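Bear in mind that the values in this text are calculations on the coordinates, not laboratory data. Every value quoted in this text rests on a predicted model; they were computed, and no experiment measured them. All Cβ positions, even for glycine, are placed from backbone atoms using ideal geometry, and neighbour counts span all protein chains on display.
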Amino acid sequence: MAKIILNGCFGGYSWSDKAIQELSEIKGKKVNSREWLLREDPDAIALIETKGSKYCSGIFAELYVEEYDEELWIPDIHEYDGTETLDLTPRLTEKQIRACKNMDEVVELLKARDMFNDRNGKYSFIS
């Protein structure tokens, strides 16, 4: 399973000065609070999980950790007014897709991997 850091409120992704200072000490180098690498950085994730969102989040942020299975999903961060959600796209290999004769077989492949939900005859991704 993989983990990624998101912002859960309006305002935007940002880190507190205390958390950035602590991460800099942990890494032994100055850390920039806007580094996108921090989103999947194990030290940053551990800091949020141990110290909490209040300690780590910047003034208009509410950082949290989301977990997903990287073998099944390709992550993409969706942002609206600073609030972020994790959109997940099924990770299918080209070989798996080419083995399907039509779209119905692709849907069956996704259903077999619990990636589709059949509601009233309509399919929607489960994330």
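Quick notes on this structure:
- Cut-off under 5 Å, modelled amide H: who pairs with TRP73 long-range: ARG91
- Straight Cα distances below 13 angstrom link LYS54 to the aspartates and glutamates ASP17, GLU62, with same-chain residues fewer than 8 positions distant left out.
- For segment 40-55, Karplus couplings with θ = phi - 60° (6.51, -1.76, 1.60), whole Hz, Gly/Pro x: 10, 6, x, 5, 5, 5, 4, 5, 5, 5, 8, 8, x, 5, 4, 5
- Cross-link partners of LYS29 among lysines (Cα-Cα below 17 Å; sequence separation of 8 or more within a chain): LYS18
- Set of lysines near LYS95 by C-alpha distance (under 22 Å), chain-local residues within fewer than 8 positions excluded: LYS111
- Arranged from fewest to most other beta-carbon atoms within 10 Å of their beta carbon, LYS54, LYS3 become LYS54, LYS3.
- The order of ARG91, ARG39, going from fewest to most other C-beta atoms within 10 Å of their C-beta, is ARG91, ARG39.
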